[in-house]
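Peer 1: Right, I'll just put the structure down here and ask away after.
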């Protein structure tokens, strides 16, 4: 079963519908399930015994929020996450996610600390499907220094959601975790592992958008594509 | 490792602190994780091949909300949940959880339908640790008809949170899923399976309250006690 690849417009429409009165989801719920699915996918390919040190790079929007949730679950799974979150929005949603991570004593590192530290896995939660344009600092520099291994949330940051790396950002991750459904740019993904997260889509909803989603195994919140 | 059994006062204090500005959790997050842990625990003891038909009885408070989340995840895991939710609060939180279940076409049954239908597992999400007093209709009748098998959320409904079944409600479930930490009444639990859910407690928090929580295996959100 090959899932449909979404355009940016449809991805945004689906996201809005899930959180509308007809979908009924709170952003906190969807973020919790998305972040959990990413953390779980990481455990499947990067076991904590050899890949314990995880850097989670978080952008200023929902993709970054998913990253904060993933970092929290990774901590509970026995990893040693570090968070790079250079622009922290004042919105309560994000402040609360930060608080939860701080309560776990997960370190928030600045660029120099990130630059100087070795990590086994880099999680790119900088930008998601809403991103347009060019990547600028402080995000660009961290991608240049740390950007060539690891795991991307939904789309590799800086890629065009439909056309892939047209801005020559150069992120070619080993793993991609698509959320809800893969986006068009996934056809340019050349890494080893492509997972899907977001086991909350109603069958009627998947049918309406022709998503053609695969079955998830057991109680897993992620499935390999 | 034997977890501490909580008094009602401490259970309420912990709940409040998790959702305060110092804990930083949204009720939607905690409910999502609690409901997920209950659904996952059910899969471990009641496989869907033989125990597919699950009745989830939901009360008017947070315990009922956890039940609605559990029903949703059970649906995604391949079960056939039915929800009994005789008093549905107008609050957006609960209305949204109902909407999510309705979008999955999970049936909401009335008492006569519940009475007449066979179920393999009954999930009791009627009352949690805040409950005091006597169980009244419409909850009492469903417990009398359907109350003697299945799985209870946090505490068996109608039990005193510290002293157990002092009101002779008569619920003696086969399985109990304690949430965050078991309550004092768990020492009167005589069923086969006791699980703990709520893999979100910070170590510093567990230490402050002396919770003595066990380790969770893998990425599981529940652990057998």
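The values are calculated or read from the model by the stated rules, or taken from the named source; none is laboratory data. This is a predicted model, so every value here is computed, not measured. A quick note on method: Cβ atoms are made from the backbone with ideal geometry, for glycine too, and the neighbour counts reach across all protein chains shown.
Peer 1: If I filter the stretch B:203-210 for residues that are out of contact with any strand residue (DSSP E or B) (no Cβ under 9 Å at 6 or more places or on another chain), under 12 Å from residue B:3 (Cα atoms), in contact (Cβ under 8 Å) with a residue 60 or more places away in the chain and away from chain A (no Cβ under 11 Å), do I get at least one hit?
Peer 2: yes
Peer 1: Looking only at the stretch A:194-213, which residues are part of a strand (DSSP E or B) and surrounded by fewer than 20 Cβ atoms within 10 Å (Cβ to Cβ)?
Peer 2: A:194 - this is the single residue of the stretch A:194-213 that is part of a strand (DSSP E or B) and surrounded by fewer than 20 Cβ atoms within 10 Å (Cβ to Cβ).
Peer 1: When you go through (1) surrounded by fewer than 18 Cβ atoms within 10 Å (Cβ to Cβ); (2) away from chain B (no Cβ under 13 Å); (3) in a helix (DSSP H, G or I) one by one for residue A:191, which number turns out not to apply?
Peer 2: The number of the failed condition is (3).
Peer 1: A further question follows. Take the stretch B:216-225 and flag every residue that is part of a loop (DSSP other than H, G, I, E, B), touching a residue at least 60 places away in the same chain (Cβ under 8 Å) and within 13 Å of chain A (Cβ to nearest Cβ).
Peer 2: Scanning the stretch B:216-225 gives B:220, B:221.
Peer 1: Same structure again: Cβ-Cβ below 8 Å, separation at least six or inter-chain, first residue in the stretch A:158-171 and loosely packed, with under 15 Cβ neighbours inside 10 Å, second assigned to a loop (DSSP other than H, G, I, E, B): which pairs?
Peer 2: Between residues of the stretch A:158-171 that are loosely packed, with under 15 Cβ neighbours inside 10 Å and residues that are assigned to a loop (DSSP other than H, G, I, E, B), the close pairs are A:166/A:159; A:167/A:134; A:167/A:135; A:167/A:158; A:167/A:159; A:170/A:147; A:170/A:148.
Peer 1: Please work out if residue A:133 is surrounded by fewer than 16 Cβ atoms within 10 Å (Cβ to Cβ), within 14 Å of another protein chain (Cβ to nearest Cβ) and either farther than 27 Å from residue B:216 by Cα or in contact (Cβ under 8 Å) with a residue 12 or more places away in the chain (or both).
Peer 2: no
Peer 1: Okay, moving on. I need the full set of residues from the stretch B:172-185 which are closer than 29 Å to residue B:22 by Cβ, out of contact with any strand residue (DSSP E or B) (no Cβ under 6 Å at 6 or more places or on another chain), more than 14 Å from every other protein chain (Cβ to nearest Cβ) and assigned to a loop (DSSP other than H, G, I, E, B), in order please.
Peer 2: The answer is B:182, and nothing else.
Peer 1: Which one of these does residue A:28 not meet: (1) over 19 Å from residue A:121 (Cβ atoms); (2) within 8 Å of chain B (Cβ to nearest Cβ); (3) crowded, with 24+ Cβ neighbours inside 10 Å?
Peer 2: (3)
Peer 1: Quick one: is residue B:169 in contact with a helix residue (DSSP H, G or I) (Cβ under 6 Å, 6 or more places away or on another chain), more than 22 Å from residue B:39 (Cα to Cα) and modelled with pLDDT under 85?
Peer 2: no
Peer 1: I would also like to ask the following. Assess whether residue B:188 counts as being touching a strand residue (DSSP E or B) at 6+ places or on another chain (Cβ under 7 Å) and touching a residue at least 24 places away in the same chain (Cβ under 8 Å).
Peer 2: yes
Peer 1: Scan the stretch B:110-127 for residues that are crowded, with 19+ Cβ neighbours inside 10 Å and not in a helix (DSSP H, G or I) and jot them down.
Peer 2: Correct list: B:119, B:121, B:122, B:123, B:124, B:125, B:126, B:127.
Peer 1: Another one. Quickly run through the stretch A:87-106 and pick out the residues that are farther than 16 Å from residue A:60 by Cβ, under 20 Å from the mean Cα position of the chain (by Cα) and within 8 Å of chain B (Cβ to nearest Cβ).
Peer 2: Across the stretch A:87-106, the qualifying residues are A:99, A:100.
Peer 1: In the stretch B:74-86, how many residues are within 12 Å of chain A (Cβ to nearest Cβ), out of contact with any strand residue (DSSP E or B) (no Cβ under 7 Å at 6 or more places or on another chain) and assigned to a loop (DSSP other than H, G, I, E, B)?
Peer 2: Adding up the residues that qualify gives 2.
Peer 1: Return the only residue of B:41, B:11, B:71, B:34 being over 27 Å from residue A:218 (Cα atoms), in contact (Cβ under 8 Å) with a residue 12 or more places away in the chain, touching a strand residue (DSSP E or B) at 6+ places or on another chain (Cβ under 7 Å) and assigned to a helix (DSSP H, G or I).
Peer 2: Checking each option against the conditions leaves just B:11.
Peer 1: While we're on this one: Out of the stretch A:44-62, which residues are in a helix (DSSP H, G or I) and buried (at least 20 other Cβ atoms within 10 Å of the Cβ)?
Peer 2: A:62
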